[in-house]
Every structure is written in C-alpha cells, then in structure tokens.
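Every number in this text was worked out from the coordinates using simple rules, so none of it is lab data. Worth saying up front: this structure is predicted, and the values here are computed from it rather than measured. FYI the Cβ positions are ideal-geometry reconstructions off the backbone, even for glycines, and counts take in every protein chain you see.
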C-alpha cells in the first residue's frame, strides 16, 4: 500500500508540474512582440518630447560601475529624461563620480543620504527619496551595475506605460562569464523570469525586478511607499509589484532592445547571501501567489525525490524513466523557445542538469524563509 501511495504522489506531482509548463509557461514561449510605432520623445521623432521619464539609480559603493555604465544610460535615443542618482552612504568615491557626470549633464540630479539619519533598513529609503525628488510622472528603475543592451531601452520601456497600463515589467539578464556558478545564476534568472512573466500574461502579476522596472509615480503613493514591508531590507521591487499590480494595469516588455544586463556575483557565498535575502520576501506575497508558487516548487521537488525513492527501491523503474523523459521533453521544448526569446540559447544544454539542481536549491535555501529580517541591501 505504501508503495502504491508513493507512486500516486510521484505521478500526481509530475502531472501538476507539467501542467504549469503546458498551461502557464507556454504563454511566454509563444508570445510574439507586436511592432509598435516609434515612441514619443525618441530620436528623430517630430512629436514633443513627452512624457518626461525619471530614471532612478540608487548607488552604494558603486564608483566603478557608475563610471562604466552611466555613459550608456545617458546616450539613450529617448531624450525626454532626467537621471536621479541617489548616493546611499558610500565609503568609496561614488559621490565624486556622480558629480563628475553631473558637470557634463544638466539632466542629472544627485540625492545624498546619510547612514546616520536613515529611518529604514535597506534600499527602500534611498528609492523613496529618489522617487520623491523625481520630476517625471513616470519612473524607470535600474541599478548602478546594469547596462542597457542598446540605446532604445528607455523608449521601449516607456512605450508600455499607456492607458490603462501603469506598470511595466522588464527583463534583466546577468552577464555571461565562464564557470558553473555563472550558468546557474543565468538559468535561475531565466526560470524566475519564466514565472513572473507567465503569471502576468495569465492575469496574475506578482513580481518584477528593480533592475528593469517602470511605473507611474502615483503607484508608490497609492500604497504609502513600502510601509507594509518596511521591516525587511529587500522587497522594493517584487513586494511593491505584488501590492500594486493587477491583471489590467500591468504590461510586459520582451523586446531585446529593452533588456538591461547586470553584473552577477562571482562567489558561491555571495550568491547564497543574495538569494537568501531575496527569498525572505516570498512570505509577504499575496496568499494566492504563495500557493501557486509553492505548488510549482513542491511538484518539482516531489517529481525528483519521489522518482529517486522509487528507483532506489527498484519499483516501476521503466515507468519512472518514461515519466521523467516525458516531462523533460516538455521542459526542454519550452525552454528552447524561451531562451531564444530571452537571447541566451547557449544555456539550453545545461537545462537538464540545473533542472535537478534547483531541487537542491530549494532545500539549501529554504531555511532563509525562516529569517525575520535582513539588515542590508548591499
């Protein structure tokens, strides 16, 4: 009887997981970007440069990244912009680099935050002050270590903010470097994007990434800033989106011209700290999102663990193998389409390895869900 129940659990988990892929994730895999007219305010447009977009970057000890990537931010084809740089208590020469750029760019503004006067932990206070100082009704967020792929990033992102849309979700892949850790980071980023884009397509947007996120400034006022989760350092992007996003006010931008590439961490220890910090926000999601995401993770986990137990006790070996192959064919087919859409098809051969590795990922990082708060954003 116990073996029969185990087989039922294994089969059920596999079917549930495959349904996530076939019902939810195909929306992203088969999505086609519609050609849009040249956005207002872009280079060569005869239309008045409206609306004004305020690009906000919060920086803490980011001198070298600002030196490298600000020129790309400032060379965008969309000209109706202001750049708001928030200096958040750096101990390097971040402020000096900001001031160097400000001398050459009249649209650049600097907000300085003192650590001794901060009211809240993490990045949220810096971001709130940046939004408050912004002149535009539309704010576009990215990080100091992010680089737009091209000069149409702002134009592509702002094209998403048209009635009834107040919030636009963008994509930010990590830069490719040699090594196993880098491939894991990039594939985990793709898998996360698969989830939040697919849920948004299904009318259930639940998160976005602050490396590439655009919204009307009034949204942050509508939810009183980050008051509902001010006690934790992270959540300025995903928990904010979770609070304000609806099926009717959220749009998705998947044009390659809208991507911004971010610098990944280089050590396993740094990656563990980063993901532990991010995962602490999950318990603050709306209950329906927690249940749906929990069902996805649990079905993935049981598919592998249940199959491993059945193989270990030498029961239904062929059956387990066939179910594994069936699921993996679905996963590989959809990953192939999605990775091409997200411009990283070289990761496809690594999908079977990391699909299993994500089971270990769940087990290793799950203790972070028990943490009550984190103290720093960097």
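Springs between Cα atoms under 10 Å define the GNM used for the chain, and in it the highest mean-square fluctuation of 112, 161, 214 occurs at 112.
Convex hull volume of the C-alpha atoms in the stretch 319-360, normalised per residue: 64 Å³. Taking all Cα-Cα distances within the stretch 225-378, those exceeding 19 Å account for 68%.
Our estimate of slack between residue 180 and residue 224, defined as 0.36 nm per intervening residue step minus the Cα-Cα distance, is 11.7 nm. Straightening the chain between residue 133 and residue 315 buys 59.1 nm, computed as 0.36 nm per residue apart minus the Cα-Cα spacing. The stretch 275-308 and the stretch 69-100 have Cα centres separated by 37 Å.
Mean projection of the Cα convex hull over all viewing directions, computed for the stretch 96-236: 10.9 nm². Taking the stretch 147-162 and a reference point 7 angstrom along Cα→Cβ of residue 79, the backbone N atoms nearer than 20 Å belong to 150-159. Computed over the Cα atoms of the stretch 160-300, the ratio of the radius of gyration to the Kirkwood radius (Rg/Rh) comes to 0.96. Once you have the Cα-Cα distance between residue 33 and residue 68, take 0.36 nm times their residue separation minus that, and quote the gain in nm to one decimal. The residue 33-residue 68 span can extend by a further 9.5 nm.
How many angstrom lie between the Cα centre of the stretch 207-230 and the Cα centre of the stretch 1-16? If you average the Cα positions of each part, the centres end up 42 Å apart. Computed on the stretch 53-287, with alpha-carbon pairs under 8 angstrom and 6+ residues apart, the relative contact order is 24 percent. When the Cα atoms of the chain are aligned to their principal axes, the ranges along those axes come out at 74, 48, 41 Å in descending order.
Taking only Cα atoms, what is the 0 to 90° angle, nearest 10, from helix 2-19's long axis to the longest principal axis of the chain? Roughly 40 degrees, rounded to the nearest 10.
Extending 7 Å from Cα along the Cβ direction at residue 356 and again at residue 337 yields two label points whose distance is 2.7 nm.
Working note: 222 nm ellipticity from helices only, DSSP H runs with n ≥ 4, each -39,500 (n - 2.57), summed and divided by the residues of the chain, gives -14500 deg cm²/dmol to the nearest 500.
With neighbours defined as other Cβ atoms within 10 Å of a residue's Cβ, the residues 58, 363, 146 order from fewest to most as 363, 146, 58.
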